[in-house]
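Below is one structure, written out as structure tokens, with a few remarks after it.
The values are calculated or read from the model by the stated rules, or taken from the named source; none is laboratory data. None of the values given here were measured: they were computed from a predicted structure. Note that each Cβ is placed from the backbone with ideal geometry, even for glycine, and that neighbours are counted across all protein chains shown.
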Amino acid sequence: MMGNFFLHFSLVLTVIIFIPLYRVVKGPTIFDRMLGAGAIGTKTMVLILTIGFAYNRLDMFIDITLAYAVLNFIVIIAIAKFLGTEKSKE
């Protein structure tokens with residue numbers, strides 16, 4: 001019973017992850033694309049924690065999720081810094 005719940009929840013969350021992917025691919029500005037990438041990263045963290053809860057190994061998956069969150073944050077900041085320095089050159 002609980003396994004079906006986690007399966008359906010994970011499938012719905014996976015579909016929800018694909019919604020911001022449209023904004024990443026078709027975004028009119030680079031800032032829309034960055035926002036979509038951040039949203040995908042956040043939803044992926046929730047999916048990883050859901051998998052950890054389903055396997056009853058939440059302690060291990062929290063560590064993985066924290067590393068993923070730091071990596072996601074660093075990448076978004078690096079892209080923003082790159083875009084900020086590119087604008088000042090013009």
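Residues that are of a type in the set (Gly, Ala, Ser), closer than 21 Å to residue 67 by Cβ and within 13 Å of the chain's Cα centre (by Cα) are absent from region 21-36 altogether.
Do we find that residue 61 is in contact (Cβ under 8 Å) with a residue 40 or more places away in the chain and touching a helix residue (DSSP H, G or I) at 6+ places or on another chain (Cβ under 7 Å) in this structure? So residue 61 fails the test. Residues that are of a type in the set (Phe, Trp, Tyr) and under 13 Å from the mean Cα position of the chain (by Cα) within region 37-76 comprise 68, 73, listed in sequence order. Inspect region 39-56 for any residue being assigned to a helix (DSSP H, G or I), under 17 Å from residue 80 (Cβ atoms) and either touching a Phe, Trp or Tyr at 6+ places or on another chain (Cβ under 7 Å) or small (Gly, Ala, Ser) (or both) and give the result as yes or no. Yes, there is a match, as at least one residue in region 39-56 is assigned to a helix (DSSP H, G or I), under 17 Å from residue 80 (Cβ atoms) and either touching a Phe, Trp or Tyr at 6+ places or on another chain (Cβ under 7 Å) or small (Gly, Ala, Ser) (or both).
Quick one: in region 1-38, which of the residues that are of a type in the set (Gly, Ala, Ser) and within 19 Å of residue 53 (Cα to Cα) is surrounded by the most Cβ atoms within 10 Å (Cβ to Cβ)? Among them, the one singled out is 10.
Say we look at region 53-74 and pick out the residues that are over 27 Å from residue 4 (Cα atoms) and of a type in the set (Gly, Ala, Ser); which of these is surrounded by the most Cβ atoms within 10 Å (Cβ to Cβ)? Among those residues, the one meeting the criterion is 69. Within region 67-82, residues that are part of a helix (DSSP H, G or I) have Cβ atoms under 9 Å from residues that are among the hydroxyl-bearing types (Ser, Thr, Tyr) and modelled with pLDDT of 90 or more in these pairs: 68/44; 69/42; 72/42; 72/44, counting only partners at least 6 apart in sequence or on another chain. The one condition from (1) surrounded by 16 or more Cβ atoms within 10 Å (Cβ to Cβ); (2) hydroxyl-bearing (Ser, Thr, Tyr); (3) at pLDDT below 90 that residue 85 does not meet is (1).
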